[in-house]
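The values are calculated or read from the model by the stated rules, or taken from the named source; none is laboratory data. Since the model is a prediction, treat every value here as computed from it, not as a measurement. Ideal geometry is used to build each Cβ from the backbone, glycine not excepted, and the neighbour counts take in all protein chains shown. Each accessible area value is taken on the protein alone, full model and side chains, heavy atoms only, with ligands, DNA and RNA left out. Shrake-Rupley method; radii C 1.70, N 1.55, O 1.52, S 1.80 Å.
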Amino acid sequence: MIIQAKGIKKSYGNRLNRTEVLKGIDLTIEEGEFVSIMGPSGSGKTTLLNVLSSIDQVTSGHVFVEEQDITTLKEKKLADFRKEDLGFMFQEYNLLHTLTVKENILLPLSIRDIDKKEAEKQFELVSKELAIYDLKGKYPSEISGGQKQRTSAARAFIHQPKIIFADEPTGALDSKAASSLLHKLKQLNSKIRSTIVMVTHDATAASYSNRVIFLKDGLIYSSLRKGERSQEEFYMEIMNNQSVIGGVGVES
Amino acid sequence: MSLNRIILKNFFKSVKNYALYIFALIFSVVLYFSFVLMSQDDTIAAELQSESVMSTGFTVGSVLLVVIIVLFVMFANSIFLKRRNKELALFQLIGLRRKKLLRILVLENAVIYFGSLVSGITLGFLISRMLLLLLLRMLQIELSIGMSFSVTAVTQTAILFVCIFVLLMIQNFIFLKRTRLVDMLKLNQSIESDYRGIGFWTIVSGFLGLVMILSGYWLSMNIMDFGTVLVPLLLGILFLTIVGTYLLFKASVAFVLNVIRQSKNGRLNVKDVLSLTSIMFKMKSNAFLLTLISIISALSMGLMSFSYISYYSVEQSVNASISNDYVFYEEEEMLFYSELLDESGINHEVRTVPFLNYEATGEGITINTPRGGSEIDLVIVSADHIESATVKENEIIIKGLISTLDAFMNFEINSPITLFNSDYEQTLELIEVDGEAILPSHVARGALQAVVSNEVYQKLEEQYTYDEELRDNLVSYAIDISEEDSQEIFELMNQDGHHSFESRINQYTVQMQGAGVMMFVIGFVGIAFLMTTGCILYFKQVGEGEDEKESYKILRKLGFTVNELVKGLTIKVVLTFGIPLLMGLLHTYFAVNAGWFIFGSEMWLPMLTVMIGYVFLYLIFAFFSLLYYKKIVRESI
Ligand SMILES: Nc1ncnc2c1ncn2[C@@H]1O[C@H](COP(=O)(O)OP(=O)(O)OP(=O)(O)O)[C@@H](O)[C@H]1O
Ligand SMILES: [Mg+2]
């Protein structure tokens, strides 16, 4: 058990004008699991991810990461935790536009004592797998949306974090680029047992994971485990489930 | 909700954004108004010995002020417009006509603008009173100031700022007209598109910039060697340093930072991200502005140094030009005033000093002009007439060496100097050189003076070839007051109002007040310049902070702490303020070093005082920028 969320509530706004986005979520994620979160737009997926990853604060409830309650940690400790153990891929890519692709990717390594050669090797490996090695000297303004997304992915992978949080990592990718990214995620998941929490609208992407959690109106609506099934079977079940929930349907 | 209400609401919501703009406006009004108010204050003018000094000084000053204020306000307005770009685009997108939009802008601006005008005038009135006290102090006039409020000053300020208002509206109009809707909506992307790699030309021009500045400096140090082509030389130096500074900001800085960056091979830490990479691009796109800032601050520091040098050196320069308390052109006049002083019971000594004109040469004298040589004219006086000088036989003291001459001539103590005329020579040993004059300037006519022992003087006199017409004129007439000379004694001697003598104390007062008014005006304008450049840099930092907010957010999401970010930003602030500051200081140093001797006799103390003041002002602005960054970083997540 690497992540455990207990009764998470999150609301935005002031006292007079309040919207409750998460209405009490209990969730346990085991070490080495690959979990997808699905749900209609506005259902609170990004919010849940932010809360789990310590970027945002909960209104009430607790989040434990490796038995440690991160809702009570100090800012400095939290920052260290994010730096050391987490990898992020954000919905809006979040690249620094003053840095080249390579510099953006290597950013998480800058605080570690990794020697130059090792860093270089890691960079080559990851960027070649995601087919962005040739872009390394370019600035974000000079590359396409999908290339930005892969850069953001490479940044999340480079330091082989314990947990990777990915918010719609395939949103801007064609199916080929998407599947190589998902393969990479899967590989990290099986090789170094990184735990992966991914938000997606895409049933194909979700079928790569071990478990899919459906959110609706700020609550967990249902949850599917892959178990021993094949990816195709799992895909079909996800599709069925999605049409029951409604909202955003098939869109890839 | 009607459109007008939406706009109004938007306006009040973004009133925080206006804070800077309002500050810039009030600041400018205060500057101008207090300046005009002071220039119209009769109390000082009445006290001054020479009235024209005041009005000329203030006129020149106010022209300079108007120029800087117009530039400053327009700059602030442009930042302000850019910030509201998106909002304006949105209104256009939903179908608001440009004409209507402009009307809204005019209305908004009018409210802000005239509000600022009124508060600026009030504040300016209070501040000008304080400054006036300072000015009186500097002029050593004791006087109490009332609270005279000048309507003309208000009108004058109001007229200027109404004109500026019209200018601003034209600026807004052009801005609206020029920007296409697509550009306006893509605001963020358009900022990003600046971020591109460093090309070959950057390297070349970066190098060229450094070379140009250095050669400009080198020329300024060796100005004397090129004395014959002074004007083209000065223009050349100006050209080299200004263009060099521009290239430095445009390319050299980016080039150097890029070398550092390359050496890290992609592994940048958070400090590099926030300082190196950000500055690399920002300096490039702000090159023109930064050049302007460096040049303006060098200019104002240079002028302030010069005026402070002349203020500081008034006493010495008076002593170098007027040898005695009172100096007369005719013997009868001297006797007349001596009698007058006797009647009033004032102890004094009459000094009738004969002198001779000789030429001098020898190892003790070197002249640093392209023509070289070592022949100078000396006016010789016997030591018997000069109490302060002790000269043995065969020795000589040179007097009245003012800094202007000092720059051209070198004197070697203990070296021989030969006095000669067409048929006589006498070699003596130089034992001392001194800045004080021993003969009045109308007698010495710009030549240096020398004291020799009476024996030598006798010999020189015997051998002197007299020009018959001038024979009687080889005597100077002066009076020294035994005790301290005072303004009262001067008034006594100057009863009829137009005196036919020169008075050291009067000359001192006149020059001191002239230099004082000049220094005050230049100081005021100079500080105004510095403040505005500091403000502009601060505004720029605020703008950059807003632009980079997104980056701070990302970095914090990636796990960097507020402290780490602030450390990186500190480096950035130090560099953004430090580089223009350093350029300004260096330019000033080389400019002052090349020309200070024209203005007085002491360079370091006045120059350093000005420089320290400048550094201090910049520190304040840098500090505020840092505070602002801190706030943004803290609120970014
Ligand atoms: N900073 C905020 N302030 C106020 N409300 C917010 C804020 N962020 C999100 N919300 C609201 O919370 C709800 C959930 O947002 P969230 O971003 O988690 O949705 P999502 O499930 O990720 O949607 P999408 O699939 O479109 O990305 C939305 O209704 C949104 O309006
Ligand atoms: Mg989302």
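Of the residues screened, A:Val101 is one that is closer than 21 Å to B:Lys271 by Cβ and surrounded by 18 or more Cβ atoms within 10 Å (Cβ to Cβ).
A:Thr59 - would you say it is without any contact (Cβ under 8 Å) to a residue 12 or more places away in the chain, away from ligand 2 (no atom under 16 Å from the Cβ) and more than 10 Å from chain B (Cβ to nearest Cβ)?
No.
Taken together, the residues in the range B:271-293 that are closer than 17 Å to B:Val525 by Cβ and open to solvent by less than 30 Å² (accessible area, probe 1.4 Å) amount to 1.
When the range B:366-384 is filtered for residues that are under 13 Å from B:Ala450 (Cα atoms) and open to solvent by less than 70 Å² (accessible area, probe 1.4 Å), the ones remaining, listed by number, are B:Ile376, B:Leu378, B:Val379, B:Ile380, B:Val381, B:Ser382, B:Ala383.
Scanning the range B:266-305 for residues that are within 14 Å of chain A (Cβ to nearest Cβ) and part of a loop (DSSP other than H, G, I, E, B) yields B:Gly266, B:Arg267, B:Leu268, B:Asn269.
Take the conditions (1) among the polar types (S, T, N, Q); (2) within 16 Å of ligand 1 (Cβ to nearest atom); (3) open to solvent by 10 Å² or more (accessible area, probe 1.4 Å); A:Ser152 misses just one of them, which is (3). Residues satisfying the criterion are present in the range A:30-41 (criterion: within 16 Å of ligand 1 (Cβ to nearest atom), in a strand (DSSP E or B) and over 22 Å from B:Leu558 (Cβ atoms)).
Per this entry, A:Leu130 is not counted among residues that are in contact (Cβ under 8 Å) with a residue 12 or more places away in the chain and at the interface with chain B (Cβ under 8 Å from one of its Cβ atoms). Only residues that are among the small types (Gly, Ala, Ser) and more than 21 Å from B:Val243 (Cα to Cα) were counted in the range B:287-311, giving 3. Of the numbered criteria (1) closer than 29 Å to B:Ser39 by Cβ; (2) of a type in the set (Val, Ile, Thr); (3) surrounded by fewer than 17 Cβ atoms within 10 Å (Cβ to Cβ), the one B:Thr533 fails is (3). When B:Ser116, B:Ser28 are checked against the criterion of being touching a helix residue (DSSP H, G or I) at 6+ places or on another chain (Cβ under 8 Å), under 30 Å from B:Val542 (Cα atoms), surrounded by 16 or more Cβ atoms within 10 Å (Cβ to Cβ) and modelled with pLDDT of 85 or more, B:Ser116 stands alone in meeting it. Residues that are out of contact with any strand residue (DSSP E or B) (no Cβ under 8 Å at 6 or more places or on another chain) and farther than 30 Å from A:Lys191 by Cβ within the range A:24-56 comprise A:Ser41, A:Gly42, listed in sequence order. Does B:Leu64 satisfy the condition of being touching a helix residue (DSSP H, G or I) at 6+ places or on another chain (Cβ under 9 Å), exposed (fewer than 15 other Cβ atoms within 10 Å of the Cβ) and either at pLDDT below 80 or hydrophobic (A, V, I, L, M, F, W, C) (or both)? Spelling it out, it is not the case that B:Leu64 is touching a helix residue (DSSP H, G or I) at 6+ places or on another chain (Cβ under 9 Å), exposed (fewer than 15 other Cβ atoms within 10 Å of the Cβ) and either at pLDDT below 80 or hydrophobic (A, V, I, L, M, F, W, C) (or both). Within the range B:294-345, can you find the residues that are of a type in the set (Gly, Ala, Ser), buried (at least 20 other Cβ atoms within 10 Å of the Cβ) and over 19 Å from B:Val525 (Cα atoms)? Hits for the range B:294-345 are B:Ser313, B:Ser317, B:Ala320, B:Ser321, B:Ser323. The condition of being away from chain B (no Cβ under 14 Å), within 25 Å of A:Tyr133 (Cβ to Cβ) and within 16 Å of ligand 2 (Cβ to nearest atom) holds for only one of A:Ala172, A:Ala166, A:Ala206, A:Ala178, that being A:Ala172. Taking A:Phe90, is it aromatic (Phe, Trp, Tyr), open to solvent by 20 Å² or more (accessible area, probe 1.4 Å) and within 9 Å of another protein chain (Cβ to nearest Cβ)? Criteria not met by A:Phe90.
Under the condition of being within 37 Å of the chain's Cα centre (by Cα) and modelled with pLDDT of 80 or more, the residues counted in the range B:245-271 number 16. Over 18 Å from B:Leu210 (Cα atoms), within 14 Å of chain A (Cβ to nearest Cβ) and touching a Phe, Trp or Tyr at 6+ places or on another chain (Cβ under 9 Å) - does that describe any residue in the range B:333-342? The answer is no, given that none of the residues of the range B:333-342 is over 18 Å from B:Leu210 (Cα atoms), within 14 Å of chain A (Cβ to nearest Cβ) and touching a Phe, Trp or Tyr at 6+ places or on another chain (Cβ under 9 Å). Would you mind stating whether B:Ser215 is more than 14 Å from chain A (Cβ to nearest Cβ), touching a Leu at 6+ places or on another chain (Cβ under 8 Å) and more than 30 Å from B:Ile367 (Cβ to Cβ)? No.
Applying the set (1) within 16 Å of ligand 2 (Cβ to nearest atom); (2) over 30 Å from B:Lys264 (Cα atoms) to A:Gln91 leaves exactly one unmet item: (2).
Can B:Lys549 be described as within 14 Å of chain A (Cβ to nearest Cβ), assigned to a helix (DSSP H, G or I), modelled with pLDDT under 90 and open to solvent by 30 Å² or more (accessible area, probe 1.4 Å)?
yes
The residue that is farthest from the other protein chains (Cβ to nearest Cβ), counting only those in the range B:245-265 that are open to solvent by 20 Å² or more (accessible area, probe 1.4 Å) and either charged (D, E, K, R) or touching a Gly at 6+ places or on another chain (Cβ under 7 Å) (or both), is B:Leu247.
Can you find a residue that is under 23 Å from A:Ile158 (Cα atoms) and within 16 Å of ligand 2 (Cβ to nearest atom) anywhere in the range A:69-82? Scanning the range A:69-82 turns up no residue that is under 23 Å from A:Ile158 (Cα atoms) and within 16 Å of ligand 2 (Cβ to nearest atom). On the stretch given as the range B:553-602, residues that are open to solvent by 30 Å² or more (accessible area, probe 1.4 Å) and within 14 Å of chain A (Cβ to nearest Cβ) total 4. Entry remark, the range B:422-444: residues being part of a loop (DSSP other than H, G, I, E, B) and in contact with a strand residue (DSSP E or B) (Cβ under 7 Å, 6 or more places away or on another chain) number 6 in total. Checking each residue in the range A:21-52 for being on the phi < 0 side of the Ramachandran plot, of a type outside the set (Val, Ile, Thr) and within 15 Å of ligand 2 (Cβ to nearest atom) picks out A:Leu22, A:Ser36, A:Met38, A:Pro40, A:Ser41, A:Ser43, A:Lys45, A:Leu48, A:Leu49, A:Asn50, A:Leu52.
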